[in-house]
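Any read-out appearing in this document is the output of simple, stated calculations on the displayed coordinates, not a laboratory observation. Computed from a predicted model, the values in this text were never measured in an experiment. A quick note on method: Cβ atoms are made from the backbone with ideal geometry, for glycine too, and the neighbour counts reach across all protein chains shown.
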Amino acid sequence: MTGPKQAWITGIGIVSSLGEGLDAHWDALNAGRINVDEKRFAPYIVHPLAPVSFDAQIPKKGDQRQMEGWQRIGTYAAGLALDSAGVKGNKEILGRMDMIVAAGGGERDVAVDMAILNAYLKGNPAPGFLNERLMNDLRPTLFLAQLSNLLAGNIAIVHGVSGTSRTFMGEEASSIDAARIALARIASGQSDIALVGAAYNGERPDLLILFECGDFNLTGQFAPVWARDKRSGFCLGSAGVFLVIESETHAKARGARPYARLTNVVADLAQRKQAGAVTRSLEALWSKLGKLGDNDPIITGATGIEPVTSEEKAFLSQHAGSAVRATGTLFGHTIETQFPLGLALASLAISRGALFPPNDPTGLELEMSAPPTQIVVVGAGHWQGEGMALVEAVS
């Protein structure tokens, strides 16, 4: 009986506030570049998507028109990943490629939302006002456009990925499970190759209103994630990240070279009403990852939300020799996309033989000069869901 198959990451597609593609992101990370917009949605701060020509990956204008922003971002990133893996246009491989997508709901009709809110602010709306406005003002196709599995559908239409398809909802936790299940399927031999990822459009007034109701938004001036303890909150970011993950055997058979190996993904759902629950959850997940070095670097999707960020800091203090990097400082918080982003950056750093420099005034993030051979990716959702992954160099 053979053991679990190795899962190689052979394709990476990234589009974000720092640009598109691996070279652009590597250059931006090493230059310490951060792109934020503090004016357009003031007092809220966003990391806006860099200029992108969607025609390069979504050539038909009709396809672009029927997609919402997050779907265009995701379909574009998926195309970049397929290009990176060398399988773009390969009908034989795409026809059996599995797809696992983490997604939220679709975008809202902001004009209708604002008209309803303004009417309520004026006071004393007529009985049945809300139902009347929703029935008369919303276009019938809006509800179809809000389906979370439309990103997977558009990737199938545009790029021809037509194996099995799964879409998970559940904010940050959904993408942790997407990676976990992709790895499990490949390790068990149920899948040879999979496209895994997520996309997020952070430049949406409706989302800013939604998160403001939970007091999650950072307001005023931008601050790095680790410097938000006295003024907590996240800055939403727009990004799409997809990975091509395949078995070692499948990759070698087609002559593909790996960026890195995805060795393990573990997940938890801590009872956060208990103080220190996130710290305990992360430590338990760390113990399940496998054989780790004393100072393996950590790439975390820390949000800047309290108390979860302080509890994550308490976990990191137990691994004080590790070089930590917070993607939330560099890219903003991209909800479902944050964990795949960490996997992509870990794979990129291993393939380039260096960890990108810290971008943190508090001193929590340490320099690292040695080439990384193992990187731990950490995700702790802004209100629920924890996960970790181990990404390693292929020996």
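Once you order the gyration tensor axes a ≥ b ≥ c over the Cα atoms, which shape class does segment 195-270 get: rounded for a/c under 1.5, otherwise prolate or oblate by comparing a/b with b/c? Could the numbers behind the result be given before it?
On the way: a/c = 2.90, a/b = 2.41, b/c = 1.21.
Taking the square roots of the gyration eigenvalues as a ≥ b ≥ c, segment 195-270 is prolate.
List every residue whose amide H lies under 5 Å from the amide H of ASN264, counting only residues 5 or more places away in sequence or on a different chain, with H placed 1.01 Å from N in the peptide plane.
Result for ASN264 returns LEU390.
Calculate one ³J(HN,Hα) per residue across segment 16-29 by plugging θ = phi - 60° into the Karplus curve 6.51 cos²θ - 1.76 cosθ + 1.60, and present them in order as whole Hz with x for glycine and proline.
Working through the residues one at a time gives 7, 5, 9, x, 9, x, 6, 5, 4, 6, 4, 5, 5, 5 Hz.
Grab the beta carbon distance between ALA31 and ASN131, set R0 = 56 Å, and tell me the FRET efficiency rounded to 0.05. Walk me through the intermediate numbers first.
Values: r = 53 Å, r/R0 = 0.94.
Given R0 = 56 Å and the Cβ-Cβ separation, E is 0.60.
If the reach is capped at under 12 angstrom between alpha carbons, list the aspartates and glutamates near LYS288, excluding any in the same chain fewer than eight residues apart.
Within the straight-line limit of under 12 Å, LYS288 reaches these aspartates and glutamates: ASP268.
With each pseudo-label sitting 7 Å past Cα toward Cβ, what's the LYS291-GLU306 distance in nm, one decimal?
Spacing of the two 7 Å Cα→Cβ label points: 4.2 nm.
Ordered by packing density, taken as the mean number of other Cβ atoms within 10 Å over each peptide's residues, highest first, how do 366-377, 332-343 rank?
332-343, 366-377
Going through the cross-link list LYS230/LYS273; LYS39/LYS60; LYS61/LYS122; LYS5/LYS313; LYS5/LYS60, which pairs have a Cα-Cα distance over 31 Å in this structure?
As for pairs spanning more than 31 Å Cα to Cα, those are LYS39/LYS60; LYS61/LYS122; LYS5/LYS313; LYS5/LYS60.
Between THR362 and LYS91, how many nm apart are label points set 7 Å from Cα along the C-beta direction?
Here the modelled spin labels are 5.4 nm apart.
Counting every Cα pair in segment 341-395, what percent are over 16 Å apart? Numbers along the way, then the final one.
On the way: 758 of 1485 pairs.
Looking at segment 341-395, the distances longer than 16 Å represent 51 percent of pairs.
Which order do the peptides 271-280, 124-133, 67-76 come out in when sorted by mean C-beta neighbours inside 10 angstrom, highest first? Provide the component values of the computation, followed by the final result.
On the way: 271-280: 14.8, 124-133: 10.8, 67-76: 25.3.
Highest to lowest by the protection proxy: 67-76, 271-280, 124-133.
Report the label-to-label distance for LEU147 and ALA253 in nanometres (one decimal), using points 7 Å from each Cα along the Cα→Cβ vector.
3.2
Along each of its three principal axes, how wide is the spread of alpha-carbon positions in segment 19-101, in whole angstrom units, largest first?
Between the extreme Cα coordinates on each principal axis of segment 19-101 lie 49, 33, 23 Å.
When every alpha-carbon pair in segment 58-132 is counted, what percent end up more than 14 Å apart?
Every Cα pair in segment 58-132 considered, those over 14 Å come to 75 percent.
Between GLY21, GLY290, GLY328, where does the largest GNM mean-square fluctuation fall for the chain, given springs only between Cα atoms within less than 10 Å?
GLY290
Counting each pair of different Cα atoms once, what's the Kirkwood radius of segment 123-230 in Å, rounded to one decimal? Present the calculation step by step, with values, prior to reporting the outcome.
On the way: mean 1/r = 0.0548 Å⁻¹.
Over segment 123-230, the inverse of the mean reciprocal pair distance is 18.2 Å.
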